[in-house]
Amino acid sequence: MMAQQSPTSSVAPTADGMPLLGLGTWENDNPSECANTIKIALEMGYRHIDTAQVYGNEGAVGQGIAAADVPREEMFIATKVWIDKLGYEDVLTSTQRSLEKLGIDTVDLLYVHWPVDTYNPVETFRALDKLVSDGKADRIGISNFEPNQVDTAIEKANVPIFANQIEIHPLLPQQELRDHCSKHDIELVAYSPLARGAVFDVPEITAVANNHDVSEAQIALAWLRQKGITAIPKAVGHDHIHDNWTSLDLELTPAEIEQIDSIERTNRCVDPRFAPW
């Protein structure tokens, strides 16, 4: 699970072929704005784009993919199957619709969005296994899975669980879950890596940002990257997308990482009533 480091921000470092910095698209539901955001990001250097069925923007993401002057084989596209589509047939049919909306033949990473509602480990992973064998998905992942659910997924899936996408940031480091996934060679993908903007109001992060004359967002993203965690911050507009991208040029010192690790404040941003924790 070691990242292959890149010397400049022209290319993101990768973890087993997955770029360690991607673009999240949650709440980016204005079709033209979303498509333009994807195009800007891809042409800036991003290659990892994350969406989901429930975001309602897979079609717009597909338009951005088609508009960008970047070969499809250089992209890493991920989407997630929503909780009411996790029965065997629903996984197959809804994923086919996702591929059609995205305008691609194969998704690089297909997640189970949450282990709730129609989720049945046997049937859900039987469908995901078929999608991989049929060439519709290159890898499968899980999202919002706690350690016991990670173990069940590993047991029921016939293909490796590649990644667990969870909320991780300096205010929710998730050390126990990180250790558990690492033990099973499962990559971690961090959604809400900026804690929905809360990282801008943490003195320890601001102090490190001032050391480097960069934003708190860049510090949080560098902190994740140096821990081998992939981040998919949501961004709209060239400046915001670029600010996150230039975090790839940052290298925090061990003392700075320790300073961020020492933050005692905790803030979980995503906590729906059906959450498994």
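The values are calculated or read from the model by the stated rules, or taken from the named source; none is laboratory data. Just so you know, these numbers come straight off a predicted model, no measurement behind them. Here Cβ is always computed from backbone atoms with ideal geometry, including for glycine, and neighbour counts include all displayed protein chains. We work out accessible area using only protein heavy atoms, side chains counted, and drop any ligands, DNA or RNA first. Shrake-Rupley method; radii C 1.70, N 1.55, O 1.52, S 1.80 Å.
So how many residues does region 248-271 have that are without any contact (Cβ under 8 Å) to a residue 12 or more places away in the chain and either within 20 Å of Asn148 (Cα to Cα) or not in a loop (DSSP other than H, G, I, E, B) (or both)?
First, the residues of region 248-271 that are without any contact (Cβ under 8 Å) to a residue 12 or more places away in the chain: 253-255, 258, 264, 271.
Narrowing further to those that are either within 20 Å of Asn148 (Cα to Cα) or not in a loop (DSSP other than H, G, I, E, B) (or both): 254-255, 258, 271.
The total comes to 4.
Mind checking which pairs have a first residue in region 131-150 that is over 18 Å from Ser94 (Cβ atoms) and a second that is open to solvent by less than 10 Å² (accessible area, probe 1.4 Å) and assigned to a loop (DSSP other than H, G, I, E, B), Cβ under 8 Å, 6 or more apart or different chains?
Val150/Ile186
Within region 69-101, which residues are surrounded by fewer than 21 Cβ atoms within 10 Å (Cβ to Cβ) and either farther than 22 Å from Tyr119 by Cβ or of a type in the set (Lys, Arg) (or both)?
Asp69, Val70, Pro71, Arg72, Glu73, Glu74, Met75, Arg97, Glu100, Lys101
Restricting attention to region 151-196, report how many residues are under 27 Å from Met75 (Cβ atoms) and under 18 Å from the mean Cα position of the chain (by Cα).
24
Going by the conditions given, is Asp239 charged (D, E, K, R), assigned to a helix (DSSP H, G or I) and within 19 Å of Trp26 (Cα to Cα)?
Taking the combined requirement at face value, the residue satisfies it.
Select from region 175-219 the residues that are closer than 21 Å to Leu23 by Cα and surrounded by fewer than 19 Cβ atoms within 10 Å (Cβ to Cβ) and list them in ascending order.
Scanning region 175-219 gives Arg196, Gly197, Phe200, Val214.
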